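Each value in this text was obtained by applying a stated rule to the coordinates, not by laboratory testing. Bear in mind the structure is a predicted one, so any value in this text is a computation, not a measurement. Virtual Cβ from ideal backbone geometry, glycine too; neighbours counted across all protein chains shown.
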Amino acid sequence: MRVPLWASAATLLIALQPATVAARDTSATRIPDEALAVAPQLREAALASRLGYEITESLTTEVGPRMAGSEADARAVKWAQAKFHELGFDKVWLEPVTFPKWIRRSESGHVLGENAQPLTLTALGGSPGGTVEGEVVRFADLAALEAAPAGSLAGKIAFVDYRMERARDGSGYGPGSRVRSRGPSEAIEAGASGFLMRSAGTDSHRNPHTGITRFDDGLTPIPSAALSVPDAEQLTRLLALRPQQVRMQIDAGWDGEATSHNVIGEITGSSKPGEVVLIGAHLDSWDLGTGAVDDAAGVGITMAAAKLIADLPQRPARTIRVVAFANEEQGLYGGKAYAAAHADALTAHQIAAESDFGAGRVYGYSSSAPAHAAEADRQIAQALAPLGIEHMPGKGGPGPDISPFAAQGLAWARLAQDGTDYFDLHHTPDDTLDKIDPDAVAQNVAAYAVFAYLAASAQGGFGSGPKAAGE
Ligand code: ZN
Ligand code: ZN
């Protein structure tokens, strides 16, 4: 075959390039060929394993719902500790996490008068108890409530009827959850004595979605609850007929402090045990379902991934650390405690990834890798590609529990899960094991195992280190 002159010139340039690059940037991170050669066997072993699903089944069945600070939360900590030991992790320990404890006792809602009927609702986490009766004032979205003049809702119940959008990447949850976090305080500013919202969810079942809310300092909290989607639609139809009086009765509230634990298990690295690749999920859940997709699946995925790495004939150079974080749901308490407890070891943490978006398949990979780690990042993406995972540089951000540490400079990776159906189940009584596909969990385990193994085998870092001021 005739080779045109320009091609041989290009070939010559390419041949010269590696030496030039090496001379210019000796700190470029690379993954050794031997580690890349192990990735396919690790991937196949994970795809053939049911371990991730079995761990998820164990947590959701033996412990069930495990709201932060509850008796079940303490059992979940014991469960995680025992599971790490059972799986043969080299080191297992607990780190305390203290937070205010919120309790839900009972909740109900009724339309009064001519169209009297029950409403299915659930208190938002952080809501005070109380019985409120008043005329309902509907707002199409949060902005409409924000525009309500001070005092205009005196003696009334504010109702925000915002419809959350379904999306693979969960992008509808930002505006949906903002109604929950900001709505109650906005309602109080306008004088309301109660707050109702259409659930931040995408299902059409009579299951309300709970989740934490927070009241601005200086405001007196009011009973705050989410209606199931069909109940919100029913209330909207009733309001189209005539003004409606609603009674909401909530028995819930804060009850002192509780201490739970981040539960940590480690597979010790063979030659650089002080350098850590962190993967994890949160151990706590809301109380309505059994916390299967949120976030027992994440616990199962990351524990199983590390266990499969431990089963390889040769350990990676670096340590794989799995963290089951305490109390993510009520304010990232476990993630904040971890970042505070390990601040001195920030740079030793090479990179971290959290699984907290259900049990759907991973479709995208991205990370915070800086230019000097771009080649290693590409190598990881290439090893993930056979799992149907696309490299999406520059997309996404760190998982919730690693975000406090990432804010200090921890490098992160994101294995983006398909969340199209996640908000049908999220924070509802329907978040149970039967919704989980074991094959999808296995694909997640494969993705986490390959990512963690390659990151733990890399020569060079992924950019973790204290951030300069203003960075
Ligand atoms: Zn979660
Ligand atoms: Zn959650």
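Remark on Ala68: its backbone amide H falls under 5 Å from those of Ser285, a criterion applied only to residues 5 or more positions apart or on other chains, H modelled at 1.01 Å from N.
The modelled label-to-label distance between Gln408 and Thr98, using points 7 Å beyond Cα along the C-beta direction, is 1.9 nm. Taken as Cα centroids, region 353-381 and region 389-420 sit 7 Å apart, rounded to the nearest whole angstrom.
Taken about its Cα centre, the chain carries a charge dipole of about 840 debye when Lys and Arg each add +1 at the Cβ and Asp and Glu each add -1 at the Cβ. Evaluating 6.51 cos²θ - 1.76 cosθ + 1.60 at θ = phi - 60° for every residue in region 97-111, the Karplus couplings come out as 9, 10, 7, x, 9, 10, 10, 9, 10, 7, 7, 7, x, 9, 7 Hz, glycine and proline recorded as x. Please report the spacing between the Cα centers of region 186-224 and region 296-336 in Å, no decimals. After rounding, the separation between the Cα centres reads 33 Å.
A simple packing score, the average count of other Cβ atoms within 10 Å per residue, orders the peptides 313-319, 188-194, 357-363 as 357-363, 188-194, 313-319, with the highest score first. Residue order for Leu36, Leu227, Leu42, fewest other beta carbons within 10 angstrom first, comes to Leu36, Leu42, Leu227.
Candidates Gln330, Met303, Gly274 compared by Cα position along the dipole of the chain: farthest toward the positive end lies Gly274, with charges placed on Cβ. Of Gly134, Ala345, Pro438, which is farthest towards the positive pole of the chain's charge dipole, taken about the Cα centre with +1 and -1 on the beta-carbons of Lys, Arg and Asp, Glu respectively? So the residue furthest toward the plus end is Ala345.
Assuming charge only on the beta carbon of Lys and Arg (+1) and of Asp and Glu (-1), the dipole of region 337-410 about its Cα centre is about 180 debye to the nearest 20.
Under DSSP H, which helices of the chain have Cα atoms covering 18 Å or more of the helix axis and a Kyte-Doolittle average no less than -0.5?
In the chain, the long hydrophobic H runs are 5-24, 33-47, 229-241, 297-310, 438-457.
Pairs of Lys residues in the chain are counted when their Cα atoms are under 27 angstrom apart and they lie 8 or more places apart or on different chains; the count is 23. For region 231-289 and region 141-165, what is the centre-to-centre distance using only Cα atoms, to the nearest Å? Their Cα centres are 24 Å away from one another.
Look at Val322, Val92, Val445 and count the other Cβ atoms within 10 Å of each Cβ; fewest to most, that gives Val92, Val322, Val445.
Charging the Cβ of each Asp and Glu at -1 and of each Lys and Arg at +1, and nothing else, the dipole of region 213-334 about its Cα centre rounds to 420 debye. What FRET efficiency would be calculated for the residue pair Glu135, Asp255, taking the C-beta separation as r and a Förster radius of 35 Å, to the nearest 0.05? Efficiency computed from Cβ-Cβ geometry: 0.65. Sorted fewest first by neighbouring Cβ atoms within 10 angstrom, Leu278, Leu51 come out as Leu51, Leu278.
Evaluated over the Cα positions of the chain, the convex hull gives a direction-averaged projected area, one quarter of its surface, of 26.6 nm². On the beta carbon distance between Ala240 and Asp439, with R0 = 45 Å, the FRET formula returns roughly 0.50. Considering helices alone, the calculated mean residue ellipticity of the chain at 222 nm is -10500 deg cm²/dmol, with DSSP H runs of length four and up weighted by -39500 (n - 2.57) and normalised per residue. In the chain, taking the dipole from charged Cβ atoms about the Cα centre, the farthest positive-side position among His110, Pro223, Val38 is held by Val38.
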